[in-house]
Structure formats: structure tokens, C-alpha cells
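We did not get these values from a lab; they are worked out from the coordinates using the rules stated. What you see is a predicted model; the values in this text were computed from it and never measured. FYI the Cβ positions are ideal-geometry reconstructions off the backbone, even for glycines, and counts take in every protein chain you see.
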2 protein chains.
Amino acid sequence: MAALTVAQAEECILAHAGDFGTECLPLGQAAGRLLRQEVRAERDQPPYDRVMMDGIACRADAAFPLTCTGLQGAGQAPQSLPEGNTCIEIMTGAVLPHGADCVVPVERLKREGDQISLQPGSAPLEMGQFIHPRGADCRQGVVLLRPEQYLGGPALAVLAANGVSQVQVGRLPSVGIISTGDELVAVDAPVEAWQIRRSNDIGVQGLLAGWGVHEVQRSWVRDALAPLTAHLQAQLAAHDVLILSGGVSMGVFDHVPQALEQAGVKKVFHRVLQRPGGPVWFGIGPQGQRVFGLPGNPVSAMVCAARYVSVLLRAGQLGEAIRTVGGPSAPGLSELRLSAPVERLQNRTRFLPVQIRGAGEGVPCPVPTSGDFMTLAQTDGIVELPPGAEGNLQLPAGSPVRFYGW
Amino acid sequence: MAALTVAQAEECILAHAGDFGTECLPLGQAAGRLLRQEVRAERDQPPYDRVMMDGIACRADAAFPLTCTGLQGAGQAPQSLPEGNTCIEIMTGAVLPHGADCVVPVERLKREGDQISLQPGSAPLEMGQFIHPRGADCRQGVVLLRPEQYLGGPALAVLAANGVSQVQVGRLPSVGIISTGDELVAVDAPVEAWQIRRSNDIGVQGLLAGWGVHEVQRSWVRDALAPLTAHLQAQLAAHDVLILSGGVSMGVFDHVPQALEQAGVKKVFHRVLQRPGGPVWFGIGPQGQRVFGLPGNPVSAMVCAARYVSVLLRAGQLGEAIRTVGGPSAPGLSELRLSAPVERLQNRTRFLPVQIRGAGEGVPCPVPTSGDFMTLAQTDGIVELPPGAEGNLQLPAGSPVRFYGW
């Protein structure tokens, strides 16, 4: 199979993303999730003519001084304003007393016993002033939240205000991250001069955490067919998604594609027309598990995770019904403008690390080799530079480009 | 005390933010945290002359065909290339064999037994090709990460690669969120026509979750002095930070400021020259607890949490040593350009909900009243519009403005 374009690879992932399922969570555990139900207004909002200031409620045509006949606190059933030049003391958030049509803030009032007069120079009363009328914000039954809604603070407040204490959201997958490579040793192990510490696994775990995925198991296996196959089988049984790093290139010792096949994982694609990260692999396990094989180079691994794993995570949380091209789960910035001209590649997409500056400017931070990830920690993510035509590779400063954060 | 400007309020919070302390975490639990140590390169990076392709290692001046004398796998101690027209088969990630100065990728080779020749038309060999030389990315001892570094995926990978398996990070606070207001009922309770469901507490919890703070307790207390004071005392004993909503205005029933005083919380400020959210309150508890009193209006509560609580959380995680003005913990976008002209307020800051569009454009989404939070779920955060001068209130489209996400 020929290598895919980046857009084709994304389409493949969306077409095979499946559905991680739905779960019902109490609101206190639903932050950061994606909604999988429609939410309608439980009542008119506000549900009653709501007093907006502390002060008095009266009729706008009443003649001061007014006789104060009672106190209407927040949370109390509405009183009735007696006939005549009367008023009722009221509190912010209270229901407007029956018969009143106007609220005067306490700052504009003088009080002597039960006699209330206006401060000299106060504005004349207007009907409806400082009243937030029932239904002004929305009417009962109106759709307030749709499936695919990101549950940040404001959406959670909307759920609570409408009596939704348990909410249907997309389930998050359990993810196994598997490092391969015989040169790798553990972070806290003694290291020989020709060995390298495992770091891709924790890097990918950091990205997953940023997308709200915390059920993650990291493991390492050497790049030999039998142990790799056995390990893959065990990890497939334990997780919804596997992310391998290393072993997907062309080498004699790159056993990952063959081991995946032996473990029953069907290849969807291998190789994308991009740099870095060209050898990226994607397939489907025997029980529908989604499996990524990321290149072992640290920059390539981070780029492929930021660009492709993010797509799967969002799509799988939303299920078959919703298949829009999109990045990570959280809303926000998906585009930057280049702060400086950059060179595109011919016939393949270039991913370039950037820092965000000011209002949506991306400052290119090219890394000299795809092994050099020490400077990536100072960047905010990558921009995607589509292939350029021969003789027209330069993309000028100010060009809008897609952005994937990490 | 007169009301503060927004900048003065921020300075007050920074000056009184204190220090939530430091904790040492395994890397797998450190995602999203702020670093509180310096990290230097454990070794040169790469730590050895690293082979970048599968193929052979040889001398650039060797004459083909070459005799293949062995195989140098990744993770194996370096072999020595024998004199003469010889080569050693090598794997990506392996150490370069002693005596070799050049790598030829397998795609450019033909093999017959142990005799290796170049594919016709292959480029001539260059010394150093496909070798990532020891120390090319950085030298041992170089500072790679500084305190205040956000620990996303790339920074975690840098820590792992440099042997840091336990990392010093800023501790996260335990937060108590306290709703006041006699009109409030629980999300799943029966609700009378003149009552409102509690929603500010879960809205603020959603923001905290987005900033990585998960040790949160929500509670409700009626707005009466004695129970409020007792509840505050209990919550102060249990948490580092308290966030109250409601009861900070001027009403007879607004007992929050007095109850805070009785519970030993010293006021730092009350009221900021802003809309919405002007009555916001901030103080320090008897054991240094940080206490916010947010207005009860849902939009005001969200605005004040996004603008001020975020500042405290970042500063408290970094401790006394680092006191830079900054927003939430995570890096990213802190500025937008207005997509349309907006009206500033005279003598006070205006906070305006916005949607992010394209490369850093903020689309104004004004809410008709500060109680109307049903539409906030469709916005990405707020922009801060500094006070305008009389006759010059309009801020034109394209103006850069500070952005606070939610």
C-alpha cells in the first residue's frame, strides 16, 4: 500500500475510530468530558421574576414615602404587596412580590422606622427596573446543550441549573503504551554509554493526561518477535487503545508490524507522507482495539501522538454518530499565523514545533534532528505545513496554519 | 477602602498568594504540574554517536563491495570495524561501531552473502552521514528545564531521558467551594417556583479541574451569621483555599464579609472596578488560607474565578521565589484580537465572553444580564477590556486584548 497523505490518514482514523461507549457520571466527575445527550431547559430561566438588587419592591407609580410592610428574602414564597403606597423589603435573588413591578436599590433609599423615602436626586422609578424577568434568558424546553459539547465550567453549571445531576458522557479509553527498542533502559536504572533511557512512553502519557485520559499503563518489551507478540496479546486483552513506540521502520529488527499481525491486529495504514513521523502505523485489534505504532524517534513519536492519537480520542468518545474532523477533546485554538516564513516540503507534509506568541502567532522552533527533543519542552505544539509545489516551497509570514497543542 | 483596579487586585493576590509547598512525584503522576527544581543534562545528548538508519556502518572512503563482518544491534556495546573494505550491519538507535564514520541506509544496498554493494545510481558516501553525533543536541550539565516549567508531554520526556524518575513540583491546594444563598437547592432536589438550583459551585469546580485541581469539596450553607461562621471555621480547617459564592454585596442578608471576619479571615480587598463581578472579595485566613468571595450571579462568579482564582493557583504552586503576573497554570494562548469593535466602560474594566475563531480571533458574545449563563457554555473564555476614556469608549476590531480561558 502506498503511503497516505495526512488528510487520508486522518480520514482512516475517523472511519475506524469506533466508539468507546457511554457512561453516566455525577457532575463532580464529568469535567473535561464530552456530552452524549441533549439537555433542554428544565424551566424558564430565570424561573421567576428575579430581584437583582437588595432594596425594596414597589409599584413604579407609588408616591413616596412608602410604608414597608414586610421582608421578602431569597428562597421564600412570594408575598403580596398591599394596596396603597407600600413596599416590601427585598433581597437579591428573591422572587418579586405579587403586585410589585419595580425594584429600588438600598443605596437610593432613606429609612425611618417603616417609612421609606428616596435619597434626594435619585432617578425616577421605571417599571421593571432591577428585575430579571422570568424566561428572559431562555424558555422551558429550549435546547441548551447538544451532544459533542465539551464539559468545562460553564457547561457544568448549565447542567446543574437544569437539574441534571447525572450526565451521559463519552467513556474514556484505557490505554497501554508499549516501548520497544533494545537500547532502552528504565528511567531509574543504571545506564551504559550505548543505552538510552525510556522517555517516549512518559511523553505520550503526558499528552494523554492533557486530553483527560488517565487510565494508562506503560510497559517495555524487547524487539524480538516472540516476546513482542506475547506482550501485545496481553496488552490487547487489557486495553481499548495501544500506542507502541519504535520498531515500525524497515530494519531487520523492526518486528512490530509482524508481531501485530500475529497478535491479530489488522493494518489500516503504514506510512504517511510527512516529516517527521513518516513510518507511523495504525490498525485494529481482534476485539476492535485501536493500535498505533509510532516511530521511536522522540520528536516523531510526539508529533504523531499530537496529530493522530488526539483524533482517535475525540472521535471514540463521541461514537459513530458524530464524525467531524477535529483535534483534541478540549476546545480552543486550532490555528496559528506564522510569525516568520517557513519552507514546506515537496510532496509531503511538514510538522514544525512552534511557540505561541501574542494573539495567535506561531513562532517556528525547528529542531535540527528528529532525535532532538530537549528543546520541545519550550514549545506549545506543532503546526501542519501542507506539501508545497516545486519552486514554491516558501510559506510567507502571516500564513494561517493548523495547530496541534501539547 | 476604595475599590481597586483589576491590575491592583491581581497584584494583591500575587503579594498574598503564599506557597502551597513542594512535593516529590513519580513522573507518571506529574503531568500538568509546575516544576520546582532545575534539571540539567545527565549526559551528552545523544549519549553516543547514534545510528539514524537501518543499514551498514563503514568508512566513507571504503571501496565497494564491502565484506560484512558482523551485526551491531541497538543496545549492544560497540563493536570494532576491521581494517580494509569492511562493514558492520547496523540498526537504528545503535551505537556507531568503533572505526566507522558513515552509515548507508539499507534501501541503497544490495547484498549477496556477506558481500555488500551499492544500488546503481546511489549518492556517493559522505563522512558522518546518517549519524547523530554524541552531544549534538546538548552537552552534559546544560540546564534543560527551569523552575516554573509546565510539565506537559515533552517536558516529562526530557525528565525521563535525564534519569529524573521523581520530580519536585508545586503542590496543588485542597479547595473548598461554598455556596451561599437561601434561594438555592441541590441539583437533584425538588425545586419550588421561587428557588434556584445550585450551579456556581459545579461551574467553579469545572474550572479548577481544567487547571488540574481535583481535591475539591462543595458545600452549601444558608446566609445567616452563626451557621455561616461555623461552616467557614470547619472549611478553613480542611482546605488551603476557600471559594465562596454569593453574599458579598450590600444586602442586609449578605453576611459573608462579617462571618469571614468572625472566622478570623482578614480582608485584603473587597470590590474591584470591573463589570461583571465588581463585589469580588479576597482575604487571608488565620493559618494563611486564601479565601475568595465571588458574587452570586453566575456570570460574575465564572468571570472572577477565571480572572483571579487562576492567578492564585499558579502563584501558589510556584511559591514565593517566583512572582510573575500570569494566568492559569497551563501554557498557551493569553491574548486574542477582537473580531468586531466593542464598547469599553468608563472607569472600570469590562470582561466580555468570547469564542475563539481562526488564528487567535476573539468573537464577542455579550450576555444580556449577568444572570444569563446559559450561553456561556458556547464560549471559550473572557477578554479583558481596560477602562476607556469618556468619548473614546470604542475599541476597534483587531485590537489585542488579554484572554482568560474556561
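Please find the FRET efficiency linking B:Cys24 to B:Lys110, where r is the Cβ-Cβ separation and R0 is fixed at 45 Å, and quote it to the nearest 0.05. That pair, B:Cys24 with B:Lys110, gives E of 0.25. The share of Cα pairs per 5 Å bin across the range A:335-405, counted from zero up to the longest distance, runs 4, 18, 28, 25, 17, 6, 1 percent. Note on the range A:1-49: Cα-only Rg and Dmax are 19.5, 66 Å. Structure remark: mean-square fluctuation, Gaussian network model of chain B, C-alpha springs under 10 Å; the largest value among B:Ser334, B:Ser117, B:Ser165 belongs to B:Ser117. What sits nearest the axis between copies B and A, counting only chain B Cβ atoms, is the residue and whole-Å distance B:Gly360, 1. Summing charges over neighbours of B:Glu89, with a neighbour being any other residue whose Cβ is under 10 Å away from its Cβ, gives -1 when K and R count +1 and D and E count -1. Reducing the range A:102-119 and the range B:143-215 to their Cα centroids gives an inter-centroid distance of 43 Å. Taking each residue as 0.36 nm, the span from B:Gln166 to B:Gln355 lengthens on full extension beyond its C-alpha to C-alpha distance by 64.1 nm.
Ignoring the sites themselves, chain A has its longest run without GluC sites (Glu not before Pro) in a DSSP loop having at most 15 other Cβ atoms within 10 Å at A:216-319.
Counting only Cα atoms, the size of the range A:50-132 along its three principal axes is 32, 21, 20 Å, in decreasing order. Reported value for the range A:223-286: 78 Å³ per residue, from the convex hull of its C-alpha atoms. Normalised by residue count, the range B:90-176 yields a Cα convex hull volume of 189 Å³ per residue.
The rule of thumb for compact globular proteins, 2.2 N^0.38 Å, goes into the C-alpha radius of gyration of the range A:144-242 1.54 times. Semi-axes of the equivalent ellipsoid for the range B:1-98, computed as √(5λ) from the eigenvalues of its C-alpha gyration tensor and ordered from largest down, come to 59, 15, 10 Å.
Largest first and in whole Å, what are the equivalent-ellipsoid semi-axes of the protein assembly as shown based on the Cα gyration tensor, each being the root of 5 times an eigenvalue? If you can, show how the numbers build up before the last one.
Details: eigenvalues 729, 122, 111 Å².
Each semi-axis is the square root of five times an eigenvalue, giving 60, 25, 24 Å.
For chain A, the convex hull spanned by the alpha carbon atoms encloses 201 Å³ per residue.
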